[in-house]
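Trainee: There's a structure below that I have some questions on.
The values are calculated or read from the model by the stated rules, or taken from the named source; none is laboratory data. Being a predicted model, the structure only gives us computed values, none of them experimental. Cβ: placed from backbone, ideal geometry, glycine included. Neighbour counts: every protein chain shown. Side chains included, ligands, DNA and RNA excluded: accessible areas come from the protein's heavy atoms. Shrake-Rupley method; radii C 1.70, N 1.55, O 1.52, S 1.80 Å.
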Amino acid sequence: GNKMRAEPYVAGISIAHYRKYKVISDFNVLHDPRKRHKLQQIWAFAHIFERSFWRRLISDYFSESKHNEFSNLVAVHQYFGVKMSFYFGFVAFFTNWLVAPALGGMFVFGMEFIPSGFESEIEDSPEDAAKFDDRYDHPLMFAYAFFLAIWMSFLVQGWSSKEKELAFRWDVDDHVPQHIPNPLSTAPVQLQFVHGSWQYRAVLTPQQQRTRLKFILLVSVPIELFFISLVLVQLTAMHFINDLIDKDCNLMDNCGLPNEKFNQLGEVAFQTFAAVQSLLIVVIYGCYELVAVYMTIKENHASTGAYEGALASRMIVFSLLNSYSTLFYYAYYKQDIDRTASMLSSLMVVGQILKMMKVYLLPYVSGMEPAENIMQRKIKEEQKKKGKNAKTTEENEEVAEDKEQEIRDEDVLGGDAEGDEEAEVDERLIRPV
């Protein structure tokens, strides 16, 4: 029990330490097909049509009751461990709490299509067509923004309480983060007395620290600047193409007037351009991700925490710059809410399509069968084997029973014959001479 609490994520075994000292060469995470299939059944989409599912959902994520079950998270915790269960717990908590702003947003968005009849800050034209455009300057927008600010504060406080509740349930409420040596690092491991106990900690030598600083200055910084310049070039090209689209009167209704809009051809042209731009953004992000992993490995971070923190910081900052710069361009420079919304939807749709292609299409194209199909086939084969073994066992039991019955019959017949012979002998002895 003490060892489990000392390092709960790896069951008390420091894999990185054993690998560092070449006790093991490498390791792979093994999966149990039966337990994995059971986990998928617990998280099946069909459960949303059950009343008990909604009862557990409301109790688990919207109350602090001691009767909370967390059955879905318990299944994840038993299979993947504490780290992944906390991740799924936060995603489930955040998704359920998004119901309130989603319903509120649907109501506000629907009401904004009703002309407000007041002078809009966006459109000053008295025409009815222009007045309909003031839906983005509707008074409900300010009320909805105030509601989101309050909702966010409750969300943060709610997850803080729920995180402590889950930590207590999984017996990690007093867990002290351990320094786990990075298996990808060449830093030597030393035994040090830290936090009242002896721990193996990876420490970079002075030579390794100088090498790391040189790599950051000569390799990491130039690569970062290259990708930042690539994003700026993409923004410049986007600005140039947008100007061409705006100046083409064949794509506009009321061209040259304050209330000019895209016609049908212009909508098709802009949506196509937004899709291509979204694809370019996703491709740039994918290339940067590969390079960022390489740079973080070469920077030789001593612990897994430092490695994961450096990689996460890189990816978050570049994602903000790469993805949101186009939205900032349309929202604050062009001040066009319609194009901002179109660009946001394009980024989401293109990103989801590419992710689905990566997960489901690439395995078929490369000749690899998806792991889910392999698992389901193995489970069915095992069930068939169990069925055949059961049938064979039943047949063997029937044959054995038949043989036992035959032996009993033979014993009975043999016993009757012996009884007749004994009777004849007795008659001879008793018969007078």
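Trainee: Among the residues in the range 96-115, are any surrounded by fewer than 12 Cβ atoms within 10 Å (Cβ to Cβ), on the phi > 0 side of the Ramachandran plot, modelled with pLDDT under 80 and in a loop (DSSP other than H, G, I, E, B)?
Mentor: For the range 96-115, residues surrounded by fewer than 12 Cβ atoms within 10 Å (Cβ to Cβ), on the phi > 0 side of the Ramachandran plot, modelled with pLDDT under 80 and in a loop (DSSP other than H, G, I, E, B): absent.
Trainee: Give me the pairs, please: first residue somewhere in the range 196-218 and in contact (Cβ under 8 Å) with a residue 12 or more places away in the chain and among the basic types (K, R), second residue anywhere and exposed (fewer than 14 other Cβ atoms within 10 Å of the Cβ) and not in a strand (DSSP E or B), beta-carbon distance under 8 Å, and either six or more positions apart or on two chains.
Mentor: none
So that you can scan it fast, the table gives a plain yes or no per residue for (1) within 30 Å of S85 (Cβ to Cβ); (2) open to solvent by 60 Å² or more (accessible area, probe 1.4 Å); (3) basic (K, R):
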{"residue": "L166", "(1), (2), (3)": "yes, no, no"}
{"residue": "D174", "(1), (2), (3)": "yes, yes, no"}
{"residue": "R212", "(1), (2), (3)": "no, yes, yes"}
{"residue": "S220", "(1), (2), (3)": "no, no, no"}
{"residue": "E224", "(1), (2), (3)": "no, no, no"}
{"residue": "S229", "(1), (2), (3)": "no, no, no"}
{"residue": "A237", "(1), (2), (3)": "no, no, no"}
{"residue": "C249", "(1), (2), (3)": "no, yes, no"}
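Trainee: Sort out which residues of the range 274-303 are in a helix (DSSP H, G or I) and hydroxyl-bearing (S, T, Y), and write them in order of number.
Mentor: S278, Y285, Y288, Y294, T296
Trainee: With the checklist (1) modelled with pLDDT of 90 or more; (2) open to solvent by 80 Å² or more (accessible area, probe 1.4 Å) in hand, flag the one item I150 doesn't pass.
Mentor: (2)
Trainee: Which residues, counting only those in the range 261-305, are within 20 Å of P188 (Cα to Cα) and surrounded by fewer than 17 Cβ atoms within 10 Å (Cβ to Cβ)?
Mentor: The answer is I297, K298, G305.
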